[in-house]
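K.L.:
Questions regarding the structure given below will be posed in turn.
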Amino acid sequence: MYVDFEDPKASGVDGGRNFNIEFKSKVDNCNIRLGVWHILPKSAYEKLKGNFEETTDKEELNKLMDAELKDSKYPIIIYCHGNSNCRATSHRVQLYNFFQKMDYHTIAFDYRGYGDSTNVPPSEDGVVEDALIVYDWLNTTIEKAPAKPPVYFWGHSLGTGISSHLLGNLDKLSKNILERSNDLPRPNGLILEAPFNTLEDAAKHYPVIFLVSWLPYFESMFVDPLTNCPEHSFRSSEHLARESNLPVLLLHAKDDRIVPHVVGEKLYKAVLASRAAGGATIKLNSFDVKENLGHKFICLAKDLPQIVGAILLTGASLTASVLVLQVAVLPLLFKYNKSVQRKIVFSNCINYPKNLDFERPSSCNVLGCSNYKIDFQSTVDKCPIKLGVWHIIPCSLFRELFVIHDNLTLEERLHNELKRTQNTIVLYCHGNSNHRASPHRLQLYKVFQEMNFHVITFDYRGYGDSTRVRPTEDGVVEDALQVYAWLMGCLKDNEKRSVVIWGHSLGSSIAANLVSHLDKLCLERGVACVPPPQALVLEAPFNNLLEEIEGHPFSKFVSWLPYYKDSFVKPFSSEYTFATDQYLSSVTNIPVLMLHSKGDKIVPYDLAVKV
């Protein structure tokens, strides 16, 4: 049957691309070209659907799909097929569709001698080399990813012997075949569908073997050649015994007539015995005869998503207790516990360095600084609030302000200088954790000082030495308003004032909120109206809190769950918006500068682009 491998869609595969991997085989000492399909997860395919038109440039599509692999939030499956046909066979396409619905990437390839790969007679070492080369290609593609997605091997029938051989000897193969100084990283897990322990045992139990098993020379003619042939032994139980830290899930139908369930059980027991002293989880999941799944159609099992999801979650090192935490405990905590939600948004419980004397900024390694307190009655929390504030002066004023030539205190001299200064003043709104004396913030203050800027930095309620009240979005914006109003009150007679509000991470949204609603906030909070700042600087901003939560590295831990958005994202929408993009849409007369690192792993760069 003719297959157009260049067009996966013609074989029933949506969101797939075809490409080739070429290399010089050390096994057959010849050039090999492997045909490979990369199939996108459903979520990624929906996003890139328009790029799969006939007019789309193939090279451009490859770049887009490589980028999806590198930045993936979803697991990647490398699929090793069985001993017949090719990667486009219909029952394999059904499995790819299952992977796609589960939001997994699929890498499916044909060994040498199969499909559109180089037509060389295959051997065990040869097809294992092919699987190794594909795995090496994948690792090279994703090695520079900010957070590497989990990778799993899935072998079916003969492919279980190939993947077991590869992963049981990965260190040796990395050295001998790839000539790497360091081994390829172990994948997160191995799924074996319709597996066998050795090819010898699989042959003994093959369904048509009864036609010849009665012969007196059966063993010598039909079994011994497989036992004594180093080219085709496929001793999966021996290979996997060498890799005790690899989680393994075995899937076998009890009505499998090609690879009987008994040889899958033998493999399971052998590997389990090899891990008696400890190691990663190995599990056998048997499917009842009534399900009528046979050798090829376990992908149709109703409970397969839950079975596979469990091992793709647990990986190489997570225990059953972590599984329960992820699947049951965390969703409930996030969805219904307001305290947990608040601590995720406002991580004021993270307090490093601890036990600082904010009254003496010099003890916190800040020079040219005075500490203030701003007291007010909060209309948000209906209680008195006291905010800790630092005023840090420019380097050029050190000598003038620290040489005593009057009877004023240092605080009074700094206050007077602030009133008449012609230097730029930066009001700094920090991010969601720690306090104003955090080391990375001190580094920024020094940059401001060297640029001859004044710095006004403060802690929101619940942070640092400010009043210990649980922070809320309205509360921290009220704090920023009070500090800004105090600053503008100091500068009311200074016609040459130049004030910039600088927000970092969560503080960028607080700053944007303050500037966009300044007049309204002054009226609601009983503060005298103040003029807007001369500019707004947003460092590592995000467009809104919900998308920031989805883009956060933690989300990779749970984003595969079918109820992920309902349990981990939507609960925040009732109390928190931090919609920076909406706030800025009404800020039309103030210059805005955004600063973002493309390597930011906490607030992804693309969220700043959206802003």
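K.L.:
Evaluate the following for residue 447: is it free of Cβ contacts under 8 Å to residues at least 24 places away in the same chain, under 21 Å from residue 501 (Cα atoms) and among the aliphatic types (A, V, I, L, M)? Write out each step before concluding.
P.N.:
Working: free of Cβ contacts under 8 Å to residues at least 24 places away in the same chain: yes; under 21 Å from residue 501 (Cα atoms): yes; among the aliphatic types (A, V, I, L, M): yes.
Considered against the rule, which asks whether it is free of Cβ contacts under 8 Å to residues at least 24 places away in the same chain, under 21 Å from residue 501 (Cα atoms) and among the aliphatic types (A, V, I, L, M), residue 447 comes out as yes.
K.L.:
Evaluate the following for residue 284: is it open to solvent by 20 Å² or more (accessible area, probe 1.4 Å), of a type in the set (A, V, I, L, M, F, W, C), in contact with a Leu (Cβ under 7 Å, 6 or more places away or on another chain) and closer than 26 Å to residue 244 by Cβ?
P.N.:
Numbers: open to solvent by 20 Å² or more (accessible area, probe 1.4 Å): yes; of a type in the set (A, V, I, L, M, F, W, C): yes; in contact with a Leu (Cβ under 7 Å, 6 or more places away or on another chain): yes; closer than 26 Å to residue 244 by Cβ: yes.
Against the criterion (open to solvent by 20 Å² or more (accessible area, probe 1.4 Å), of a type in the set (A, V, I, L, M, F, W, C), in contact with a Leu (Cβ under 7 Å, 6 or more places away or on another chain) and closer than 26 Å to residue 244 by Cβ), residue 284 qualifies.
K.L.:
Any idea which of (1) assigned to a helix (DSSP H, G or I); (2) out of contact with any strand residue (DSSP E or B) (no Cβ under 8 Å at 6 or more places or on another chain); (3) within 17 Å of residue 377 (Cβ to Cβ) is the one residue 479 doesn't satisfy?
P.N.:
(2)
K.L.:
Taking region 245-281 as the search range and keeping residues that are among the basic types (Lys, Arg) and in a helix (DSSP H, G or I), which one is least open to solvent (accessible area, probe 1.4 Å)? Spell out how you get there, then give the answer.
P.N.:
First, pick out the residues of region 245-281 that are among the basic types (Lys, Arg): 254, 257, 266, 269, 275.
Imposing the further condition that a residue be in a helix (DSSP H, G or I) reduces the set to 266, 269.
Details: 266: 84, 269: 131 Å².
Among those residues, the one meeting the criterion is 266.
K.L.:
If you take just the helices (runs of 4 or more DSSP H) that sit entirely in region 492-611, which of them hold at least 1 residues that are at pLDDT 90 or above and more than 34 Å from the chain's Cα centre (by Cα)? I'd like the intermediate steps shown before the answer.
P.N.:
Details: elements: 506-516, 518-524, 545-551, 580-584, 605-610.
Per the criteria, 518-524.
Rundown of residues vs (1) assigned to a loop (DSSP other than H, G, I, E, B); (2) within 17 Å of residue 11 (Cα to Cα), yes/no style:
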position	(1), (2)
61	no, no
66	no, no
69	no, no
87	yes, yes
91	no, yes
94	no, yes
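K.L.:
Name the residues in region 94-116 that are open to solvent by 10 Å² or more (accessible area, probe 1.4 Å) and either closer than 23 Å to residue 2 by Cβ or of a type in the set (A, V, I, L, M, F, W, C) (or both), would you? Walk me through it before giving the result.
P.N.:
Initial filter on region 94-116 (open to solvent by 10 Å² or more (accessible area, probe 1.4 Å)): 94, 97-98, 100-103, 113-116.
Scanning region 94-116 gives 94, 97, 98, 102, 113, 114, 115, 116.
K.L.:
Continuing with this model, one more query. Would you please name the residue that is surrounded by the most Cβ atoms within 10 Å (Cβ to Cβ), looking only at residues in region 28-49 that are at pLDDT below 95 and not charged (D, E, K, R)?
P.N.:
41
K.L.:
Within region 17-37, work out how many residues are touching a residue at least 24 places away in the same chain (Cβ under 8 Å) and in a loop (DSSP other than H, G, I, E, B).
P.N.:
Here the count works out to 5.
K.L.:
Quick test for you: out of 124, 143, pick the one residue that is open to solvent by less than 20 Å² (accessible area, probe 1.4 Å) and modelled with pLDDT under 95. It would help to see each step written out before you state the result.
P.N.:
Values: 143 fails: open to solvent by less than 20 Å² (accessible area, probe 1.4 Å).
The conditions single out 124.
K.L.:
Return yes or no: is residue 193 modelled with pLDDT of 95 or more, under 22 Å from residue 240 (Cα atoms) and among the acidic types (Asp, Glu)? Break it down into steps so the answer makes sense when it comes.
P.N.:
Values: modelled with pLDDT of 95 or more: yes; under 22 Å from residue 240 (Cα atoms): yes; among the acidic types (Asp, Glu): yes.
For residue 193, the condition - modelled with pLDDT of 95 or more, under 22 Å from residue 240 (Cα atoms) and among the acidic types (Asp, Glu) - is met.
K.L.:
Also: Anything in region 4-16 that is assigned to a loop (DSSP other than H, G, I, E, B) and open to solvent by 30 Å² or more (accessible area, probe 1.4 Å)? List them, or say none. Give the steps one after another, and end with the answer.
P.N.:
Of the residues in region 4-16, the ones assigned to a loop (DSSP other than H, G, I, E, B) are 4-7, 12-15.
Scanning region 4-16 gives 4, 6, 7, 12, 14.
K.L.:
Could you say which residue among 499, 515, 483 is closer than 25 Å to residue 608 by Cα, open to solvent by less than 10 Å² (accessible area, probe 1.4 Å), in contact (Cβ under 8 Å) with a residue 60 or more places away in the chain and β-branched (Val, Ile, Thr)? Walk me through how you get there before you give the answer.
P.N.:
Numbers: 515 fails: open to solvent by less than 10 Å² (accessible area, probe 1.4 Å); 483 fails: closer than 25 Å to residue 608 by Cα.
Being closer than 25 Å to residue 608 by Cα, open to solvent by less than 10 Å² (accessible area, probe 1.4 Å), in contact (Cβ under 8 Å) with a residue 60 or more places away in the chain and β-branched (Val, Ile, Thr) holds for just one of 499, 515, 483, which is 499.
K.L.:
Related question: Taking the conditions exactly as written (of a type outside the set (S, T, N, Q), in contact with a helix residue (DSSP H, G or I) (Cβ under 7 Å, 6 or more places away or on another chain) and open to solvent by 30 Å² or more (accessible area, probe 1.4 Å)), does residue 63 satisfy them or not?
P.N.:
Working: of a type outside the set (S, T, N, Q): yes; in contact with a helix residue (DSSP H, G or I) (Cβ under 7 Å, 6 or more places away or on another chain): no; open to solvent by 30 Å² or more (accessible area, probe 1.4 Å): yes.
So residue 63 fails the test.
K.L.:
Right, next: Six or more apart or on different chains, Cβ under 7 Å: which pairs go from a residue in region 420-438 that's over 16 Å from residue 534 (Cα atoms) to one that's of a type in the set (Asp, Glu)? Could you list them?
P.N.:
Hits for this filter: 435/459; 436/459.
K.L.:
Could you identify the single residue in 474, 493, 459, 465 that is within 10 Å of residue 429 (Cα to Cα), in contact (Cβ under 8 Å) with a residue 12 or more places away in the chain and of a type in the set (Asp, Glu)? Working first, answer last.
P.N.:
Numbers: 474 fails: within 10 Å of residue 429 (Cα to Cα); 493 fails: within 10 Å of residue 429 (Cα to Cα); 465 fails: within 10 Å of residue 429 (Cα to Cα).
Checking each option against the conditions leaves just 459.
The values are calculated or read from the model by the stated rules, or taken from the named source; none is laboratory data. Remember, it's a predicted structure, so these values are computed and weren't measured experimentally. A quick note on method: Cβ atoms are made from the backbone with ideal geometry, for glycine too, and the neighbour counts reach across all protein chains shown. Please note that ligands, DNA and RNA were not included when accessible areas were found on the heavy atoms of the full protein model with its side chains. Shrake-Rupley method; radii C 1.70, N 1.55, O 1.52, S 1.80 Å.
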